1. Among what's in the stretch 393-427 and is under 24 Å from the mean Cα position of the chain (by Cα) and assigned to a loop (DSSP other than H, G, I, E, B), pick the residue that is surrounded by the fewest Cβ atoms within 10 Å (Cβ to Cβ).
2. Taking only pairs six or more apart or across chains, which ones have beta-carbon atoms under 7 Å, a first residue in the stretch 148-169 that is within 18 Å of N131 (Cα to Cα), and a second residue that is within 15 Å of ligand 2 (Cβ to nearest atom)?
3. So for the stretch 332-347 (the condition being surrounded by 15 or more Cβ atoms within 10 Å (Cβ to Cβ) and farther than 30 Å from K371 by Cα), does at least one residue qualify?
4. If you scan the stretch 170-195, which residues turn out to be more than 12 Å from ligand 1 (Cβ to nearest atom) and surrounded by fewer than 18 Cβ atoms within 10 Å (Cβ to Cβ)?
5. Within the stretch 120-128, is even one residue more than 17 Å from L194 (Cα to Cα) and part of a helix (DSSP H, G or I)?
6. Let me confirm something: among R245, R221, R225, which residue is more than 16 Å from ligand 2 (Cβ to nearest atom), surrounded by fewer than 18 Cβ atoms within 10 Å (Cβ to Cβ) and without any contact (Cβ under 8 Å) to a residue 24 or more places away in the chain?
7. Conditions first: (1) at pLDDT 95 or above; (2) under 30 Å from R342 (Cβ atoms). N230 passes all but one, so which condition is the exception?
8. Please tell me if I255 is of a type in the set (A, V, I, L, M, F, W, C), farther than 26 Å from K20 by Cβ and within 16 Å of ligand 1 (Cβ to nearest atom).
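The values are calculated or read from the model by the stated rules, or taken from the named source; none is laboratory data. Note that the structure is predicted; figures quoted are calculated from it, not measured. Using ideal geometry, Cβ is built from the backbone for each residue, glycine included, and neighbour counts are taken over all protein chains shown.
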Amino acid sequence: MNILILGSGGREHALAWKVKQSPKCGQIFIAPGNGGTDKVGTNLDLDAKNFAKVESAIKEHDIKMLIVGPEDPLVNGIVDHFRAKSEFDNLKIIGPDAEGAKLEGSKEYAKEFMKRHDIPTADSRTVTMENLQEITKYMERWDPPYVLKADGLAGGKGVIITEELRDARESLRDLVEGRKFGKASEKVLLEQFLKGIEVSFFVITDGNDYRILPEAKDYKRIGERDTGLNTGGMGAVSPVLFADRAFKEKVNTRIIKPTIEGLKKEGVKYCGFIFFGLINVGGDPFVIEYNVRMGDPETEVVLPRIKTDFLDLLIAAADQKLYDTEIEYERFTASTVVYVSRGYPEFYEKGHEISVGDIRSVLPFHAGTKKQEGKLVTNGGRVIALTGLGKNLGEALSKSYSGGENIDWEGKRFRGDIGFDLKELGQ
Ligand code: AMP
Ligand code: GLY
């Protein structure tokens with residue numbers, strides 16, 4: 001079976017690496033891919049936003065399965081595009097249609113959905129130009145910290161958390177009145193702050209059944225001990241031991257099950273991944289966000305921990321036969337450390353040559369890399385994620401870090417404390 005994966009990050013490299021292990025996997029194409037994905041398959045120089053180009057590639061390469069990595073094409077209806085054409089009836093697609101993708105594409109939609117289905121989440125108010133004055137005033141009665149979320153996609157930058165009422169008011173005006181993220185911040189959610197530790201859960205679903213993938217914790221801030229600006233993710237760990245059996249049971253019965261049943265009741269045909277961003281508040285899970293795709297860099301620790309043939313799971317999902325599958329996990333711990341460009345997540349340079357020594361102790365998942373005149377050079381903020389596997393967190397992390405000593409470029413940066421909070425909890 002020939003497979004096309006859309007995207008260019010560490011997530012897509014990990015997806016390609018994983019499906020490649022299946023005996024059912026034929027040729028793999030990654031579009032546009034990066035300087036590492038071309039070792040697993042063939043990179044296609046096309047933009048996922050251009051559905052017509054994706055369509056031609058599918059025909060030309062006899063693609064039988066399309067896996068959509070990032071959220072943008074999903075929110076913009078790539079699945080609807082193919083579902084509307086009978087010639088693609090047999091194309092297996094991993095990813096929801098635009099209706100399902102609203103779970104990520106609109107924070108307000110997600111919030112209303114959770115309210116309709118009694119899924120635990122932070123209380124919130126929607127702010128638009130109509131009630132901006134009223135809400136800015138009323139914020140006095142809201143306890144800090146203030147959480148503001150742009151309704152639409154804002155490239156991971158749409159959440160602002162501040163202790164100061166004055167800053168919160170100014171940010172709110174900036175977002176709604178100043179349209180800081182254009183249409184994406186026309187609406188903003190003012191949300192109750194949830195105090196607790198974060199953990200992410202992932203499922204693959206065919207709309208009826210689902211299988212829970214290994215959980216993970218990622219580290220979004222640029223600075224050590226979770227300080228500084230938000231990034232796409234600087235590292236991740238799986239498993240997360242505070243998410244014990246009792247906690248997982250709550251996540252399943254209070255959150256995952258009602259989400260899948262809610263989608264079904266509302267007539268949303270959902271085939272793909274759902275990523276549940278959760279906060280553990282005193283032992284109870286609350287949803288802070290849904291994503292309609294896998295996480296990056298979470299995928300780089302989640303997939304290595306799946307023992308089951310992953311392509312079999314994806315085929316079953318696309319054929320609505322997940323009921324017929326079982327998922328088995330590996331018992332080891334996986335950690336990944338993301339090595340980034342100096343300046344990231346703000347302005348950073350590209351085009352630095354990457355020297356790679358002996359990194360056989362890790363699984364290298366490329367992100368912002370490309371080949372240029374036969375050399376591997378940096379091509380993004382997050383350059384490469386190095387995944388270590390070990391019998392515990394310490395062992396996995398020591399591999400991720402020692403691997404990092406053998407890869408270099410001008411201005412390489414990373415966080416040296418991935419997993420710090422889990423270690424403090426005894427993991
Ligand atoms: P998101 O872009 O939705 O992943 O949010 C970015 C980060 O903001 C999350 O990873 C959390 O650390 C934090 N966050 C979001 N919502 C809340 C909330 N209601 N309470 C506390 N922290 C939050
Ligand atoms: N690492 C967070 C995300 O993929 O959204």
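1. Looking at residues that are under 24 Å from the mean Cα position of the chain (by Cα) and assigned to a loop (DSSP other than H, G, I, E, B), I get G416.
2. Sorted first by the residue in the stretch 148-169, then by its partner, the pairs are K149/K107; K149/G158; K149/V159; A150/G158; D151/K107.
3. First pass over the stretch 332-347, keeping only residues surrounded by 15 or more Cβ atoms within 10 Å (Cβ to Cβ): 332-342, 344-345.
Going one step further and asking which of them are farther than 30 Å from K371 by Cα, we end up with 332-333.
So far as the stretch 332-347 goes, yes, one or more of its residues are surrounded by 15 or more Cβ atoms within 10 Å (Cβ to Cβ) and farther than 30 Å from K371 by Cα.
4. E170, R173, D174, E177, G178, R179, G182, K183, E186
5. Filtering the stretch 120-128 down to residues more than 17 Å from L194 (Cα to Cα) leaves 126-128.
After this cut, where a residue has to be part of a helix (DSSP H, G or I) as well, the list is none.
No, every residue in the stretch 120-128 fails to be more than 17 Å from L194 (Cα to Cα) and part of a helix (DSSP H, G or I).
6. Values: R221 fails: more than 16 Å from ligand 2 (Cβ to nearest atom); R225 fails: without any contact (Cβ under 8 Å) to a residue 24 or more places away in the chain.
Only one candidate qualifies: R245.
7. (1)
8. Details: of a type in the set (A, V, I, L, M, F, W, C): yes; farther than 26 Å from K20 by Cβ: yes; within 16 Å of ligand 1 (Cβ to nearest atom): yes.
Considered against the rule, which asks whether it is of a type in the set (A, V, I, L, M, F, W, C), farther than 26 Å from K20 by Cβ and within 16 Å of ligand 1 (Cβ to nearest atom), I255 comes out as yes.
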